[in-house]
1. From the list Gly160, Gly205, Gly168, Gly199, which residue is farther than 23 Å from Leu40 by Cα and away from ligand 2 (no atom under 14 Å from the Cβ)?
2. Of the residues that sit in the stretch 195-204 and are within 12 Å of Ala20 (Cα to Cα) and open to solvent by 10 Å² or more (accessible area, probe 1.4 Å), which one is nearest to ligand 1 (Cβ to nearest atom)?
3. So if I check each of Pro125, Pro88, which one is assigned to a loop (DSSP other than H, G, I, E, B), open to solvent by 50 Å² or more (accessible area, probe 1.4 Å) and in contact (Cβ under 8 Å) with a residue 12 or more places away in the chain?
4. Looking at (1) touching a strand residue (DSSP E or B) at 6+ places or on another chain (Cβ under 9 Å); (2) within 11 Å of ligand 1 (Cβ to nearest atom); (3) closer than 24 Å to Asp83 by Cβ; (4) not small (Gly, Ala, Ser), which one does Asp116 not meet, given that it meets all the others?
5. Considering each residue of the stretch 37-63, count those that are in a loop (DSSP other than H, G, I, E, B), open to solvent by 30 Å² or more (accessible area, probe 1.4 Å) and more than 14 Å from ligand 1 (Cβ to nearest atom), and give that number.
6. Considering each residue of the stretch 1-36, count those that are open to solvent by less than 50 Å² (accessible area, probe 1.4 Å), farther than 23 Å from Tyr138 by Cα and more than 20 Å from the chain's Cα centre (by Cα), and give that number.
7. Would you check which residues across the stretch 174-194 are open to solvent by less than 20 Å² (accessible area, probe 1.4 Å) and in a strand (DSSP E or B) and list them?
8. Somewhere in the stretch 142-151, is a residue in a loop (DSSP other than H, G, I, E, B), of a type in the set (D, E, K, R) and under 26 Å from Gly29 (Cβ atoms)?
Amino acid sequence: MIAAMAEPNEKLIQGKQQLAQSRAAQGMGTGRDQASRDRLPPGQRLSSGWPVLDLGMKPDIPTNLWQLKVFGACQARTLSWDDFLKLPQTKFTTDFHCVTSWSIYDAQIEGVLWQDFLKLASPGPEATHVMFSSYDGYTTNVSMEDMAMPDVAIIHSFGGAPLEREHGGPVRTWVPHLYAWKSAKWVRGIEFMTKDKRGFWEVRGYHNRGDPWKEERFSRP
Ligand SMILES: Nc1nc2c(c(=O)[nH]1)N[C@H]1C(S)=C(S)[C@@H](COP(=O)(O)O)O[C@H]1N2
Ligand SMILES: [Mo]
């Protein structure tokens with residue numbers, strides 16, 4: 001077991017939840033029919049650095065204790081760090097967009113593409129959604145359809161170096177065509193689900209899908 005960690009920052013979480021719910025109540029950022037085609041999604045600005053967002057804790061998971069549990073409607077298994085590194089590794093470059101309105105361009109990352117990971121997990125046709133869970137208690141849900149997009153991956157490196165702990169190292173997910181809250185830092189569990197279920201921010205007023213080009217920031221109440 002990983003040693004006990006700090007508690008999530010309830011004040012910070014409640015503040016974000018209130019903001020999401022009041023924006024949604026005003027009909028702001030609840031999605032538009034027409035997707036923008038610009039590289040920079042609507043309402044975003046380019047950030048000079050890569051900001052850090054979390055629940056007020058940054059779990060410290062040494063690679064020798066890190067495990068990834070894959071379960072649900074699939075071939076259940078638990079991967080160690082060595083097992084994970086034996087999977088096919090891919091280097092690629094994507095942009096990344098956070099709902100708090102910063103974006104970064106050309107993140108150079110390395111990890112296991114979801115399409116390669118699926119060969120190992122071999123989910124059944126009944127699997128429609130995935131729930132990611134993390135060492136800090138965070139969860140987020142993504143549909144299998146969104147997971148099938150290119151550049152979706154489980155990553156361990158950024159800019160040619162191991163992913164820093166503050167950005168979710170040793171391993172996080174990467175779903176760059178959705179807002180960044182869909183990319184789980186310090187990932188420890190992947191559940192293939194047969195129906196959708198909302199994750200941590202999705203039950204607190206964030207949009208269930210989160211397409212930045214449609215400004216799907218918040219959920220309608
Ligand atoms: N485990 C975990 N993953 C998480 C979060 C978190 O609090 N815990 N925050 C999400 C949110 S809201 C954002 S914007 C991105 C931020 O990633 P970054 O800190 O690397 O920029 O991580 C997402 N993944
Ligand atoms: Mo976020």
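The values are calculated or read from the model by the stated rules, or taken from the named source; none is laboratory data. Since we're looking at a predicted model, the values are computed, not measured. So basically every Cβ, Gly included, is an ideal-geometry build from the backbone, and we count neighbours across all protein chains shown. Just so you know, the surface numbers come from the protein's heavy atoms only, side chains and all, with ligands and any DNA or RNA stripped out. Shrake-Rupley method; radii C 1.70, N 1.55, O 1.52, S 1.80 Å.
1. On the way: Gly205 fails: away from ligand 2 (no atom under 14 Å from the Cβ); Gly168 fails: away from ligand 2 (no atom under 14 Å from the Cβ); Gly199 fails: away from ligand 2 (no atom under 14 Å from the Cβ).
Of Gly160, Gly205, Gly168, Gly199, the one residue that is farther than 23 Å from Leu40 by Cα and away from ligand 2 (no atom under 14 Å from the Cβ) is Gly160.
2. We begin by selecting, within the stretch 195-204, every residue within 12 Å of Ala20 (Cα to Cα); these are 201-204.
From what's left, open to solvent by 10 Å² or more (accessible area, probe 1.4 Å): 201, 203-204.
Working: Trp201: 6, Val203: 14, Arg204: 11 Å.
Top of the filtered list is Trp201.
3. Pro88
4. Unmet for Asp116, out of (1) touching a strand residue (DSSP E or B) at 6+ places or on another chain (Cβ under 9 Å); (2) within 11 Å of ligand 1 (Cβ to nearest atom); (3) closer than 24 Å to Asp83 by Cβ; (4) not small (Gly, Ala, Ser): (2).
5. Summing the residues that are in a loop (DSSP other than H, G, I, E, B), open to solvent by 30 Å² or more (accessible area, probe 1.4 Å) and more than 14 Å from ligand 1 (Cβ to nearest atom) in the stretch 37-63 gives 7.
6. The total comes to 3.
7. Trp174, Val187, Gly189, Ile190, Phe192, Met193 - these are the residues of the stretch 174-194 that are open to solvent by less than 20 Å² (accessible area, probe 1.4 Å) and in a strand (DSSP E or B).
8. Here is the first cut: in the stretch 142-151, the ones in a loop (DSSP other than H, G, I, E, B) are 148-151.
From what is left, the residues that are of a type in the set (D, E, K, R) are 151.
Then keep just the ones that are under 26 Å from Gly29 (Cβ atoms); that gives 151.
Yes, the stretch 142-151 has at least one match.
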